[in-house]
Every structure is written in structure tokens, then in C-alpha cells.
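Please read the structure below before turning to the comments.
Laboratory data are not the source of any read-out in this text; all were calculated from the coordinates shown. This is a predicted model, so every value here is computed, not measured. Note that each Cβ is placed from the backbone with ideal geometry, even for glycine, and that neighbours are counted across all protein chains shown.
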Amino acid sequence: MGPTIVKNEIAIRARGLSKHFGSLKAVDDVDLTVHRSQVYGFLGPNGSGKSTSIRMLCGLLTPTAGEIEVLGLTIPEQAEALRQHIGYMTQQFSLFADLTVRENLEFLAAVQNLPSKKARLRVDELLEEYHFEGRAGQLAGTMSGGQKQRLALAGAVIHKPELLFLDEPTSAVDPESRRDFWEKLFELTEAGTTILVSTHYMDEAERCHRLAILDRGRLVADGSPAELTGTLDGRTLLVETEMQYRAKQLLVKVPGVISAAQIGNSLRVLVDSDRDCQRHIEAALSAGGVGAEVRPITPSLEDVFVAVTHQQSNAESPQEEPEA
Amino acid sequence: MNGRRLFAVLIKEFRQMRRDRVTLAMIVGIPIMQLVLFGYAINLNLRNLPAAIADQSNTSASRQQVMDMLATGVIEPVVSAETPEQLLALLRRGEISVGVAIPYDYERRLALGQEAIQIMVDGSDTVVQSAAAQLAQVPIGEPPPENDTRLPDRQSSIPLPQSPVSIVSFYNPQRVSAINIVPGLIGIILTMTMVMFTAVAIVRERERGNMELLIATPVSSAELMIGKILPYGLIGLIQTSLILLLGKLVFQVPIRGSLLDVYIAAILLILANLAMGLLISTRAQSQFQAMQMTFFVFLPSILLSGFMFPFDGMPHAAQWLAELLPLTHFIRLVRGVMLRGADILELWPDVLALLVFIVLMMTFAILRFRKRLD
């Protein structure tokens, strides 16, 4: 057997994690700490380095630089010992489409070293728990997106891993299935499992205990959703007006306005800092002949995301110019 | 290596294989199709070549000679012609493949022992040439034995008539019979299917993302590879048995040596090809690339192994290259055992060559297969 797993409060710790593909810095100097029994989220757009980070953390990719410790094991050196303690759900459905639900689970149980008797019980248990009673004989490839995700999750937890990596598990799933899926995740954390999940849905990110926002390979913010939105207190405004398009054109010219996004009949405006932007905005709108009501609004994770990625590109642009 | 995990991979492969109708059809279809094509195409070559006959002599003797030639079934008159010039024109236009010209002085030439008949052959097709060679062996001037007109009696036949195109015994269908083809065909089919099946099977798992899931589990590279190889190896043995059985039933191909030796040779070739397929799978990025690489191996195998052309007739460079191909060694083994009744141990250099090939390929494949994505 491999080295024993040290039980401590921290499930994943990464320092200076980087992965370069040629000149592309897919992941760039990321520090990360994930506590046990939590749902930790990676939030970021496509290409922000979420999948690459997850693959490095479970030992499938070798980092260009940085140190990783997962469940007390040094990765990638001790990746083989780690495998039986983790479950990994890939972004793309990766169970066997030409095997039935039961056959897939039986295969995974055996591959995860469950003794045959235990495996049979566990497969039956999962079939019931994940609502596959009537479908055990159905080919996995013929199932709907939501069912496939459920099956993939069942497969990933078949050996009751301490740590689950889920790479955009709900990207191809309808809202109701997504909700059910998250219920399952919280049941798992309740039982002590640590979950690292990547997503580009804000509503999912809000459900995480803690999350990291990734942008072009960098970790630009991390903390609990409340901490993250707390940093934006007083910086989000709602502009209610009949002339949204005209208002938006005026707003983006006001100094201190970072973004103005149209949400239905109103505009959601993110401003620079707690300078007295509200007054500037009101002034600019009335000068432009747009009647509007401006009032502060509670910041959302989306605002956090816009704010931090904006900072990031501002900080980056002076450095990038000489290269280009 | 863990027995339960290996067994799980094996079961999974068999279950997937059972549902893959196309592959199953190929497993049975390819050997049957090739056996029939190679086995019968050769006989078909000899029959019903479009021909014209210009009998200028038009005597009872010449007419008898024409009847004898027609009786061979090699040629079938499709147009009429009166002069050799007309025959040449027909030949040039591609209307006929064979022209038979019998001169006015046929009987006098016969009496003098001179060339009495001219056979004009479309030399642009070597197979037609060789078919016509058989025609030239029809005894001239004497009534052939009633029972068999196709067996030439060398004593009674006079020299070949001069023809405008020389008849070269390049790929003589009389020598290369189904008996000669079938043993080699086992090797051809195993090379074609085994390399491709394994290479494609693994690349397909990578393309579908199954591999990423698998390498994140405790299953080892060796378990994955052996779990892949064994089911396909079994298929290879089924194919071998199918060809041997059909060869025996349809073409009466003998197995003069021991059947066990034939299977030992087949297993060696199967393992060599599966190992090569594994190595290809570690390189290929897509199923299509895997197929292309397979053909890169398959074509030289067919051409250089001695299956199609005699090994000793090839230039030295080609011979050295052929020595690197497992099929070359298998063909020597299987022909030795099946046709000459040799013991496989007498042919130990080829056994050794195959073993070395297997070990090398397998080592490279396992070294190259990493449980990593990069």
C-alpha cells in the first residue's frame, strides 16, 4: 500500500501552481487552500484554467512549476497513491456509452478495488440512491444529459472517496437537474466528502462554501461568496429608466463606471470605488436628457467577477504592451 | 497487476465488443471476403478473355486447332476478324485481349516444324499475359487427349509461337494457387485487422474521454493494455481457425505439419501485431490517424513479406526492410509448417525474430503509455 493519508483540516494546498503549454500560460502562479468537508468552487469563463488546474490537482497533468499537496500527498509524485482516495468527474461524459448503467458501475467498482460482494451491494445502493432502479439495463449512451451527469457522479463516488473533483458537472444539464445535482453534492459534504467543483454559472458559484475566481490562468479573488460580494459594498447601483440604450451610452463615459449591463428594464452599474459616483451618474443622465432613478443594490457574484477581471486587465495591460 | 481489475477490464471489452456489430461483422467478414477474393479471382483470370480469331488457313486442321483453344475456356470469341491487321486494330482499341492468327500456310509450317500460330496478347495487363501463356500450351497439330484438354503434354507441344508481345511468366497463376495463397492469407488478415483493431480501440477511448476517467482510477497501464490485447488476441485465433477451416473445405489446402505449430505461429504474429497496434495508439491523436498509421505498416507488409512477390527476387534493401516486418517471418513459418510439413523448431530463426519483435514493441508501448494527459 502507498503512504498513509494524514488527517488534517486541509484537503488541498497548492503554492505557485503554474502550467504552460508553449507560450500559453494556462495556469499562472495560483495559490489555493481547500478545507475538508466543503464545496470549493472554481469560477471562471472558458479557457480560464479551471480544467487544467483540476487535472494538475488530481495528478493527471504535471505542473510546469509549483507545489501541490492533496490529502497530505505530494502531487504529482504520489499521484498513484492518491487515486483510490479521489473521485473525478470529467467535463465531457466519460463513462462507457456502450455499456449499461449497471455494467458501468460494476466496472468502476472493480477498478476501484471494491471486493466483489461489497461491489454488488454498493452498485445496488447507488442505483437506488441515484434513481436508476428502472434503468439499470439501459445503455449509458442513450440517456439524457441530466441522467448521464447523475450516473457520472454515482461512478465517481462508488468507492466513497474523501475528495471529489467535478469539472463543470452541470454544463449540459437543465436547471431542475442542476438543482438535484447540487442537493446530492451537499449530501456528500454532509458525510464528510470534500468537493472541488468548477463552474461558469454564477448561481452555482453562490452555493459553494468558498470559491476562487479564475481569469486567464490567474486566481483573481477567493473567499466565501459573502466575503467576495462584501468587498463591493456600495459599488453596485441599479439604474431604472425607459431609455436603457441611451442611458448605457451615457453611463460608460462617466468616470469611475466599470460596467453597465442591461438587466431587463434596468441597468446594473458597477463603479470604481466608494467615490460619490451615484451623484455623477445622476448628473450625467439628466444632462443627457434621460429620466432615471438610481439606487444602490446588493452586489452579486457576477459583479465581483466583473470587478476583479476588470482590475486584472487594467493591471496587465501596461506590462503586455512591450511584448506585443 | 491486480487480477480483479484485469478481469474487470476484460469483461468490459467483451461486453463492448458484443455490442459493436460493425467490428463483429468485420471479424468474420474480412477473412471470408479475402479468402474468396484471393482464392477465386485467380481461377477467374483464366476464363473468358475477349478474343478474336483470324483463321486464314481455314482447313479442317486449323478449325480443329481453334476448337481446342476454345475448349480451354481461356478465350471467348467476341468479334470476327479476317486478317492479323484487323486483330491488331481490335487489340489496340481494347475490344479484345487476345488475338489468334492462323496463317494461310498453317499446315505446311506445321509439317516443317515452324511456328504455325501467332497469339497476340494485350501486354498492358500482365495477368492477361500469363493467362495467354496457358493458351500457348495447348498442343498444336495433334488431337489432345479427350478427357483433359488443359493439361499440356510437353512432349507433343512444339515451341511457343512468336507473338508480338513476349509472354513473361511474371505472376503465373498455374504456380500460385489457392494452396499457396491461404497460409499467407492468414498473416495478411491478422496484420490488417489486429493492428487496426487495437490501435483504433485505444484511440477511440481517448477521443471519447474514457481514458481520462480510467487513468484517474487505480487501474494500471499493464492492466489496461493486457485487458485490451487478450480479447483481440482471441479474435485473431477465431479468424485463423476460420481461414484454416474454409481453406480446407473450399480449396483443399493441406496442413502437412502439426496444427499446433500453425497456431503457435499465428499466436506469435497476433501478439506482434497487437503490440504494434498498442504502440500506434500511443502516438495517434485520432482514430483516423490510427488508421493511416496502420496502412503505413500494412502496405509494406503485403508487398515485401513474400506473400505477393518472391522474397529472394527483391533488392537487398527491400529484403532488409522486410526482415523488420513480422509478416515476413510468419509467412516463412506458416508456409514451412503447412505446405512443407516442417516442425516449427526447425524454423527457429523466424520464431526468435517474432519474439524479439513482440518484446520490443510491447516495451516501447508500455513505456510510452503514461497515466498522464501530458
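Determine the shape class of the range B:200-324: with a ≥ b ≥ c the square roots of the Cα gyration tensor eigenvalues, call it rounded for a/c under 1.5, and otherwise prolate if a/b is greater than b/c, oblate otherwise. Oblate, because a/c is 1.5 or more while a/b does not exceed b/c. Among A:L57, B:L230, A:L121, the ranking by other beta carbons within 10 Å of each residue's beta carbon, starting with the fewest, stands as A:L121, B:L230, A:L57. A cut-off under 9 angstrom between Cβ atoms defines the neighbours of A:T64, and their net charge, with Lys, Arg +1 and Asp, Glu -1, is +2. Within straight cross-link reach of A:K19, meaning Cα distance under 17 Å, which aspartates and glutamates are found once same-chain residues fewer than 8 apart are removed? Within the straight-line limit of under 17 Å, A:K19 reaches these aspartates and glutamates: A:D28, A:D29, A:D31, A:E67, A:E69, A:E77, A:D215, B:D374. Using a cut-off of 25 Å between Cα atoms, the listed pairs A:K50/A:K148; A:K50/A:K184; A:K25/A:K184; A:K117/B:K12; B:K228/B:K248 include A:K25/A:K184; B:K228/B:K248 as exceeding that distance. Computed from label points 7 Å out along Cα-Cβ, the spacing between B:L112 and B:T363 is 7.4 nm. A simple rule links phi to the HN-Hα coupling: the Karplus curve 6.51 cos²θ - 1.76 cosθ + 1.60 with θ = phi - 60°, which for the range A:67-79 gives 10, 10, 10, 10, 6, x, 9, 7, 10, x, 4, 9, 4 Hz, with x for Gly and Pro. Counts of other chain beta carbons within 10 angstrom of each beta carbon in peptide A:103-109 average 4.
Average 1/r across all pairs of distinct alpha carbons in the protein assembly as shown, invert it, and you get the Kirkwood radius: 31.8 Å.
By DSSP, what percent of the beta bridges with both residues in the protein assembly as shown are antiparallel, rounded to the nearest 5?
Details: 42 of 68 bridges.
About 60 percent, rounded to the nearest 5.
Counting every other Cβ atom within 10 Å of each residue's Cβ, B:Y40, A:Y245 order from fewest to most as A:Y245, B:Y40.
Going from the residue with the fewest nearby Cβ atoms within 10 Å to the one with the most, A:Y130, B:Y104, A:Y88 rank B:Y104, A:Y130, A:Y88.
The charge dipole of the range A:10-223, taken about its Cα centre with unit charges on the Cβ of Lys, Arg, Asp and Glu (plus for the first two, minus for the last two), comes to roughly 340 debye. The alpha carbon centroids of the range B:251-288 and the range A:241-263 are separated by 71 Å.
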